[in-house]
Amino acid sequence: MKGGRKNSEANNSSSEEEIGGESKKQKITDEESTEISLSPDWDNLLPDIILQVFHYLPLLDRAHASQVCRRWNQVFHMPDLWRCFEFELNQPATSYLRATHPELINQIIKRHSNHLQYVSFKVDSSKESAEAACDILSQLVNCSLKTLGLISTARPSFMDLPKSHFISALTVVFVNSKSLSSLKIDDTPVDDPSLKVLVANNSDTLKLLKMSSCPHVSPAGILCVADHCHGLRELALNYHLLSDELLLALSSEKHVRLEHLRIDVVSENPGQTHFHTIQKSSWDAFIKHSPKVNLVMYFFLYEEEFDPFFRYETPVTHLYFGRSVSKDVLGRVGMTCPRLVELVVCANGLRPLDEELIRIAERCKNLSAIGLGECEVSCSAFVEFVKMCGGRLSQLSIMEEVLIPDQKYSLEQIHWEVSKHLGRVWFPDMMPTW
């Protein structure tokens, strides 16, 4: 009986061990199965998800990812991925910037040129890079671009090209793109006849045109654009293209209200550039038609060249002086620019701007941003200026060297006084000491 009981217990123990062993094996198998089921199946990701991931990848990484599997390669060639593209054209010998690989450019032109809609070209200062950009433009015969930007990252290398070569390439885009809405061609040899081609094919869609520093364009050329492109909302050009006729054309009933007008007033050689005067009646008609327009003016003039400007009311809203400007000119700004919102003065000289600053605060009721560089203002006048403007000064960038201590305020005291009138903590900007 005892022997039988022992054998029975031994058999039971053996059975339990077998069952336990099988359970452990089953548990391990289940865990392995769970791990396999939880591991990502990259090949079966939805194309829309892969597409979104690809949008965030740099171009080279995107090209490498396309080699993972057939599905990823298919997504790599989906039209949505190629609607927006930036060609970076740099010469390794003269630029440290990464360039778009020539083989990839060839593949884009061969397989995706008809998908391109928002295109920009970034070129360095070499003539070879500008020529490469024109070669690509001349091959875009099957595309219909919505935006085109030609950007010189350093010296304007497009100006080194033969005008006929550049115009021929640009005309290809103008003729084939029937819905061009944004065109940025600063510092290029574009001319009046090419603008007529632009107007003939894209007059109903063009909304933004930036063409500062285009010496081959005449006032008649830009007037042709304004006469036919009635949907134009943003325009940037040099002052020599601005005329009374242009302002009146932009003010016609059939033209939409312009939202942004940027004017660059530039002189490279003092005394050699003649600047005309825009009539007050032309400005008045323009503002009556587009009362909310932002008129931005950049001045890079020498002091003796400011005579034609600010002689009567000018509807400028954003005003930047890139070179030294006299007390007299700043005084006229305070008297003639009631719409002024932002003022930046890079340099003035050693004569304090106390009266001019107070006058600007009195007359320019919309002023909300000001920046002063190499100027001088007494601490008392500066505090009075801030007190008059109050909390509407959202941006106040003043170098510490600008502020001159006087009997009423020291540099230590002005921080607290200005902060009190602004309703927030304020400190003057400090010049780096490295």
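Tabulated data for the structure shown
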item	result
Taking the chain and dividing mean pair separation by its residue count, relative contact order in percent (alpha carbons under 8 Å, at least six apart)	6
Inter-centroid distance (Cα atoms) of the stretch 301-340 relative to the stretch 342-373, Å	11
Order by protection proxy (mean Cβ within 10 Å, highest first), peptides 272-278, 177-183	177-183, 272-278
Whole-number accessible area per residue in Å² for the chain, which is evaluated in the context of all protein chains at 1.4 Å	53
Among (i) 60, 31, 19; (ii) 61, 37, 20; (iii) 37, 33, 22, the entry derived from the coordinates for semi-axes √(5λ) of the Cα gyration tensor in Å	(ii)
Net lengthening on full extension, Val266/Gln91 (0.36 nm per residue, minus Cα-Cα)	60.0 nm
Positive-end extreme of charge dipole, the stretch 83-422 - chosen from Gln407, Pro92, Ser181 (charges on Cβ)	Ser181
Other-chain or far-sequence residues with amide H under 5 Å of Val68's (modelled H)	none
Proximal charge balance of Trp82 [Cβ under 15 Å; K/R count +1, D/E count -1]	+3
Three-way shape call for the stretch 68-189 based on the alpha-carbon gyration tensor, with the a/c threshold at 1.5	oblate
Neighbourhood charge, 13 Å Cβ-Cβ cut-off, centred on Pro270 and excluding it, Lys, Arg +1 and Asp, Glu -1	-4
Cα lying deepest toward the dipole's positive end in the chain, options His115, Cys379, His165, charges on Cβ	His115
With every protein chain in place, the chain: carbon and sulfur % of accessible area (1.4 Å)	52
Nitroxide proxy distance, nm - points 7 Å out along Cα→Cβ at Val425 and Asp160	5.0
Nonlocal amide H pairs with Ser218, under 5 Å, H built at 1.01 Å	Asp192
Probe 1.4 Å, all protein chains present, accessible-area order of Val383, Val425, largest first	Val425, Val383
Charge-dipole axis of the stretch 324-367 as Lys and Arg at +1 and Asp and Glu at -1 on Cβ define it, positive-most pick from Pro352, Val341, Leu330	Val341
Net dipole in debye of the chain [+1 Lys, Arg Cβ; -1 Asp, Glu Cβ; about Cα centre; nearest 20]	1100
Full-stretch length increase - Glu374, Glu245 - with 0.36 nm per residue and alpha-carbon distance subtracted	42.7 nm
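The values are calculated or read from the model by the stated rules, or taken from the named source; none is laboratory data. As the structure is a prediction and not an experimental result, all values here were calculated from the model. Quick reminder, even Gly has a Cβ in these numbers, built from the backbone with ideal geometry, and neighbours come from all protein chains shown. All accessible areas refer to the heavy atoms of the entire protein, side chains included, with ligands and DNA or RNA removed. Shrake-Rupley method; radii C 1.70, N 1.55, O 1.52, S 1.80 Å.
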